[in-house]
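The values are calculated or read from the model by the stated rules, or taken from the named source; none is laboratory data. Predicted model only: the values in this text are computed from it and were never measured. Just the protein is used for accessible areas: all its heavy atoms, side chains included, with ligands, DNA and RNA removed. Shrake-Rupley method; radii C 1.70, N 1.55, O 1.52, S 1.80 Å.
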Amino acid sequence: MTGTLTPPKERTRRGTGSRTGDAFRVIVLNDDHNTFEGVAFALSHTLPGVSYERGLEIVDRIHRSGRAVVWSGVRELAEHYHAQLDDFGLTMAPLEQV
């Protein structure tokens, strides 16, 4: 070992409460068995701050692009939201670390 010290990673706060390097993305995929309304309902009943109307906007993005990041933040909450959306029957991508 040398005597050189490396500076600690700078930690930044994000709106989701995550720190650099520990954010995970919750991604919903497009499918042919869920309705727009059903997905919007699931999103609005699972994700904080997502109204039904906002859920419909997200659903449109999922439909047009095939997927959408619906939430990003710390692993524990990402796992929780991912499981809840999966329980609603949504087609989920595996959690993705940022």
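Stretching the chain fully between Gln97 and Glu76 yields a gain of 6.3 nm (0.36 nm per residue, less the alpha carbon separation). In plain terms, if you count all Cα to Cα distances in the range 48-89 and split them into 5 Å steps from zero, the share in each step is 6, 20, 23, 33, 16, 2 percent. Two decimals is fine: what's Rg over Rh for the range 18-98, C-alpha atoms, Kirkwood radius as Rh? Radius of gyration over Kirkwood radius for the range 18-98 works out to 0.95. Of Ser44, Ser65, the order by accessible heavy-atom surface (1.4 Å probe, DNA, RNA and ligands excluded), from most exposed downward, is Ser65, Ser44.
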